Every structure is written in structure tokens, then in C-alpha cells.
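Have a look at the structure below before the remarks.
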Number of protein chains: 2
Amino acid sequence: MNRILYKKSELAHDQLLLTDHRATHILQVLKPAVGDKLRTGEIDGPWSEAEVLKLSPQKVILKIVNLDTPSRPGLDLLLALPRPKVLKRLLPQIAAIGVDHLYLCNAERVEKYYFDTHVLEPGFIHKSLVEGLVQSGDTCLPKVEVVRHLPSFLEKTAFPENRWLLHPSASESLLNKEIAAGRSVLAIGPEGGWREAELAQFEGLGFQPLSLFDRILRSDTACIAALSLAAAKGEACGRA
Amino acid sequence: MNRILYKKSELAHDQLLLTDHRATHILQVLKPAVGDKLRTGEIDGPWSEAEVLKLSPQKVILKIVNLDTPSRPGLDLLLALPRPKVLKRLLPQIAAIGVDHLYLCNAERVEKYYFDTHVLEPGFIHKSLVEGLVQSGDTCLPKVEVVRHLPSFLEKTAFPENRWLLHPSASESLLNKEIAAGRSVLAIGPEGGWREAELAQFEGLGFQPLSLFDRILRSDTACIAALSLAAAKGEACGRA
């Protein structure tokens, strides 16, 4: 854990009482003394610093001092729903790289049974995303939407102005793309790619096809590669 | 499979007889007719095109016509050995993104038992890397070296001229780094990072610390992110 996270509702005035796996982590891994400072943060709120007030075998009491509120990542990810095993692995990684919105979408090449997984249960998603935030030191929890009908979702959604579609054979590359200030959305297709009609709808909405490099990557590898490249570019142009 | 791969030693003149999982893939997934063309390639050799000469329930005979030989990736990866489960997942992804040399290294923060895994057996490594090549459509098999003593390895190895060390707190970013033409090597540390003495040796050898963006990523996420960024930059500057 690079940052201990808590919900605002867990704070009593400026104090935080921990008795769960976070207490265990503090007691067994961090092993602070009373008076030591820990890196903490409120989910969807400010980073904070916590002074250790009390340590006992089952509980930890911290005094929280709020610091800066981190800026949001400025990046949304529209991802064709991968198979459950892959999704489970990707969720913490996506939260660690950082996105504002995560749209998990149906597509013609997405198998219907992918939607039946426990990985899509809100509690499981929340836990997986927090795991990624705790790793990366961020507090911005991605807002997740599961999209079962892509065409109507695309039609009704107000996407940010920079709209990119990862496409292995696109002539322009994400690396070299000049990006305007402002927020971005990156769409990543299923194994086997989008169908022609899906591509046409994306392009009609101004999603520009961009390639990573001259390789065909598995969609989970492509997701991490493209998302981190987009995040690095966003940060470089001063968004994050 | 985006490309069917074979060893040079499997060719009899220009014909290839397949009876293993590749035959199964051709017969059950690709389902070509006699006379159809398939994307093939010789491991560490040229891309090729294969005409289907004969199909039977257990075997496939192809006639190979060599095409271009792909250029090598121009990139080496020096990776602190991750735990076996993570390594197993990373190997095909590293081959898919493409590296010339993969150095799997010991480091002070690498647990000794990581070296006892079957994942490091040459046969398993080969199979995992070929899986990545088959996905990406490449034929360049990474040359793998398992390094048990890092300091002496660093001392004796002639690394390429662009030497980068991924470091979360480095002030310069990999994205913005101007890279010279020629080959590159990227060093990625273990969970928890390199020790000071290790960092000092890398820096003494001209490895420049570069960051990805303002997040602390798990080392496998960081590996895919940094490697693909380096690959995209290498391709953009005309190496690949």
C-alpha cells in the first residue's frame, strides 16, 4: 500500500479508527510508532497525512490532516468488455493508471456470458479499483458504467472533445498525435476488433483511429499500453 | 494466432508438415480451403505466406513462400525478476511488444525463491515467448538471459547507447526524452524499487532515470506501459 484510503463517512471529526485489513497492513507491514506520519487519502477526496495516535493488536487510530486534492486524470476509457479473468486483472491496473470514467461496453465480438460474471458486481469492482488506487497513491475512483447496448449509449453520451479509437492499422499513431488541452476519451475494442458498423459509428462521432505501433497486441496488453501512453501525454500537456 | 510460426528445421525444401496444435488451429479456427493463403513466419527468420497444399483431419501441408525479414525491435529489456506468477503472464506480452534481449535479473529486493520456478525453464520460456510472437505477428524471438549476479553482469555487458532506467520519481519523462538513433535498453526494477547501490551502478553506466507519469504502478503494469512507450518511440524514430 502506497497510501491508506478511507471513505469520508469513516472519519469522526479528524480521526480515523481502523480495525480491518488496513489496520493489519499498518501493524504488520508499516509498523509505525505512535506519533509517526502515514500517507493517507480520502476516496474521491484529498490526499492526507495521518499521525498515528494509538496502536493496539487489533486497531489503529489515526489523526488526519488534509493536504492537496489531486486533479482528476482527465481521461475516460471505453473498453469492450473483456473476458472475466482478464477484466479482473485489468481493473486495478486501470485505476492505478487513472481514468475518470470507465465504460465497460458490449460489442458484437463480446461474448454475452462475459456479462454474467461476479467481477461486474459493484462491490467487486469497487474493491478492485481501490486496490489499484492504493497502489498508485491516487484517490480518484473511476466512475464505472456497464453498457449493454453500445449504439444507443454512443448516441446519447456527451464525450470529451479529444476522442480516440485504438486501431492497429491506423496510419496516425497515438504517440505522435497532437492533443488539444481538455479531457480525452480512448476507445479500445474486443479481441478480434470492432465490426465495420461499430467503427463507422465511432468515426461518425469524431473518434479518430490511432495506432500504438506496428504490432497486434492482445487487448489487455493494448489496454495498458495505450492507456498509459494517453495518461503520459495528458500529463505532459498539463492536464493531470 | 495472427501468424503461424515454425522453425527453419521443420521445413523440407519449401514445404511444412504440421500435425500439432498449429494444425488443430488451422483446421478448427482458420478453416481454409486447399489453395488458400495463410500468414506464416520462420522463428528468427522471414515472414512468409503459405499456400495450403493438403488438409486432412490430423495434418496440414503448407507450401512456404518467403517474404520480408522483419527488422529487429532495437530494444533490450533488463527486468528485475518478478514473482513466477507475474513472470508467466509477462513473457508473452514482452514478446508481443518486442525486445531483442530480455535479461531477467536478480536484485536485492528480488526474493531468492523466484529463481526456483519452472517458468524459468528454457522450454517454458520458449513456449511463452512464441505465444506472444504468434499474437503480435512478429518472428523475432527475444534472446533470454537469466542473471543471478547483477553487479558483475552490469560491469561486463556492452549495452546499447540509449540507456534508460524506469524510476517513478525521475524528473525527466520517457515520453519527452529525445532519443538518439540506434538501439536502446530499458531497465525496470523490482516491486519496492532498486536499492541505492544498484541505482548508483546503473547511473555510473549512463542509465538515465526516466519516469512514466506521476503514479506508482505495480512493476508488471509499469513494464508493459514503459516497454510499449519505448517501442512506440523507437518505431517513431525509424528504428523498427
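Would you check which residues across region B:198-234 are of a type outside the set (G, A, S) and more than 9 Å from chain A (Cβ to nearest Cβ) and list them? Please lay out each step first, then the result.
Filtering region B:198-234 for residues of a type outside the set (G, A, S) gives B:198-199, B:201-203, B:205, B:207-210, B:212-218, B:220-221, B:223-224, B:227, B:229, B:233.
Within region B:198-234, B:E198, B:L199, B:Q201, B:F202, B:E203, B:L205, B:F207, B:Q208, B:P209, B:L210, B:C223 qualify.
Kindly provide the set of residues from region B:46-71 that are farther than 17 Å from B:L18 by Cβ and assigned to a strand (DSSP E or B), ordered by number. Break it down stepwise before answering.
Taking region B:46-71 and keeping what is farther than 17 Å from B:L18 by Cβ, we get B:46-47, B:66-71.
B:W47, B:N66, listed by residue number.
Are any residues in region B:175-219 touching a strand residue (DSSP E or B) at 6+ places or on another chain (Cβ under 8 Å), within 13 Å of B:K233 (Cα to Cα) and surrounded by fewer than 22 Cβ atoms within 10 Å (Cβ to Cβ), and if so, which ones?
B:K177, B:I179, B:A180, B:G182, B:R183 - these are the residues of region B:175-219 that are touching a strand residue (DSSP E or B) at 6+ places or on another chain (Cβ under 8 Å), within 13 Å of B:K233 (Cα to Cα) and surrounded by fewer than 22 Cβ atoms within 10 Å (Cβ to Cβ).
Go through A:L129, A:L104, A:L133, A:L141 for me and flag whichever is under 20 Å from A:R195 (Cβ atoms) and of a type in the set (A, V, I, L, M, F, W, C).
On the way: A:L129 fails: under 20 Å from A:R195 (Cβ atoms); A:L133 fails: under 20 Å from A:R195 (Cβ atoms); A:L141 fails: under 20 Å from A:R195 (Cβ atoms).
Sole residue among the options that is under 20 Å from A:R195 (Cβ atoms) and of a type in the set (A, V, I, L, M, F, W, C): A:L104.
Tell me whether region B:87-109 contains one or more residues that are without any contact (Cβ under 8 Å) to a residue 24 or more places away in the chain and open to solvent by 70 Å² or more (accessible area, probe 1.4 Å).
There is no residue in region B:87-109 that is without any contact (Cβ under 8 Å) to a residue 24 or more places away in the chain and open to solvent by 70 Å² or more (accessible area, probe 1.4 Å).
Given the condition more than 20 Å from A:A107 (Cα to Cα) and small (G, A, S), answer yes or no: does some residue in region A:184-203 qualify? Please lay out each step first, then the result.
Keep residues of region A:184-203 that are more than 20 Å from A:A107 (Cα to Cα), which gives A:184.
From what is left, the residues that are small (G, A, S) are A:184.
Scanning region A:184-203 turns up at least one residue that is more than 20 Å from A:A107 (Cα to Cα) and small (G, A, S).
When region A:76-100 is examined, which residues are found to be in a helix (DSSP H, G or I) and either touching a Cys at 6+ places or on another chain (Cβ under 6 Å) or of a type in the set (A, V, I, L, M) (or both)? Spell out how you get there, then give the answer.
Just the residues of region A:76-100 that are in a helix (DSSP H, G or I), to begin with: A:84-97.
Those that are in a helix (DSSP H, G or I) and either touching a Cys at 6+ places or on another chain (Cβ under 6 Å) or of a type in the set (A, V, I, L, M) (or both): A:V86, A:L87, A:L90, A:L91, A:I94, A:A95, A:A96, A:I97.
Go through the residues of region A:141-158 one by one and say whether even a single one is open to solvent by 10 Å² or more (accessible area, probe 1.4 Å), more than 27 Å from A:G204 (Cα to Cα) and not charged (D, E, K, R).
Yes, because at least one residue in region A:141-158 is open to solvent by 10 Å² or more (accessible area, probe 1.4 Å), more than 27 Å from A:G204 (Cα to Cα) and not charged (D, E, K, R).
Let's see how each residue does on (1) within 25 Å of the chain's Cα centre (by Cα); (2) within 18 Å of B:C140 (Cα to Cα):
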{"position": "B:M1", "(1), (2)": "yes, yes"}
{"position": "B:K7", "(1), (2)": "yes, yes"}
{"position": "B:L17", "(1), (2)": "no, no"}
{"position": "B:I26", "(1), (2)": "yes, no"}
{"position": "B:G45", "(1), (2)": "yes, yes"}
{"position": "B:V52", "(1), (2)": "no, no"}
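Being in a strand (DSSP E or B), more than 20 Å from A:F124 (Cβ to Cβ), open to solvent by 30 Å² or more (accessible area, probe 1.4 Å) and basic (K, R), is that true of even one residue in region A:30-45?
The initial filter retains those residues of region A:30-45 that are in a strand (DSSP E or B), namely A:37-42.
Of the ones still in play, those that are also more than 20 Å from A:F124 (Cβ to Cβ) are A:37-42.
With open to solvent by 30 Å² or more (accessible area, probe 1.4 Å) added as a condition, the list becomes A:37, A:39.
Retained after the next criterion (residues that are basic (K, R)): A:37, A:39.
Within region A:30-45, one or more residues are in a strand (DSSP E or B), more than 20 Å from A:F124 (Cβ to Cβ), open to solvent by 30 Å² or more (accessible area, probe 1.4 Å) and basic (K, R).
Just to check your reading of the model, which residue among A:V119, A:V110, A:V144 is at pLDDT 95 or above and in a loop (DSSP other than H, G, I, E, B)? I'd like the intermediate steps shown before the answer.
Values: A:V119 fails: in a loop (DSSP other than H, G, I, E, B); A:V144 fails: in a loop (DSSP other than H, G, I, E, B).
A:V110 is the lone residue from the list that is at pLDDT 95 or above and in a loop (DSSP other than H, G, I, E, B).
Specify the residue that is farthest from A:M1 (Cα to Cα); the eligible residues are those in region A:40-60 that are among the acidic types (D, E) and touching a helix residue (DSSP H, G or I) at 6+ places or on another chain (Cβ under 9 Å).
Here is the first cut: in region A:40-60, the residues among the acidic types (D, E) are A:42, A:44, A:49, A:51.
Checking which are touching a helix residue (DSSP H, G or I) at 6+ places or on another chain (Cβ under 9 Å) leaves us with A:42, A:44.
Working: A:E42: 14, A:D44: 17 Å.
Ranking the qualifying residues of region A:40-60, first place goes to A:D44.
Which count do you get for residues in region B:138-152 that are in contact with a strand residue (DSSP E or B) (Cβ under 7 Å, 6 or more places away or on another chain) and within 13 Å of chain A (Cβ to nearest Cβ)? Before you say what the answer is, go through the steps one by one.
Within region B:138-152, the subset in contact with a strand residue (DSSP E or B) (Cβ under 7 Å, 6 or more places away or on another chain) is B:139, B:142-147, B:150.
After this cut, where a residue has to be within 13 Å of chain A (Cβ to nearest Cβ) as well, the list is B:139.
Number satisfying all stated conditions: 1.
Let's see how each residue does on (1) among the polar types (S, T, N, Q); (2) touching a Lys or Arg at 6+ places or on another chain (Cβ under 6 Å):
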residue: B:R3; (1), (2): no, yes
residue: B:L18; (1), (2): no, no
residue: B:R22; (1), (2): no, no
residue: B:V29; (1), (2): no, no
residue: B:K37; (1), (2): no, no
residue: B:S56; (1), (2): yes, no
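The values are calculated or read from the model by the stated rules, or taken from the named source; none is laboratory data. Quick caveat: nothing in here was measured; it's all calculated off a predicted structure. With ideal geometry, Cβ positions are generated from the backbone for all residues, glycine too; neighbour counts draw on all protein chains shown. All accessible areas refer to the heavy atoms of the entire protein, side chains included, with ligands and DNA or RNA removed. Shrake-Rupley method; radii C 1.70, N 1.55, O 1.52, S 1.80 Å.
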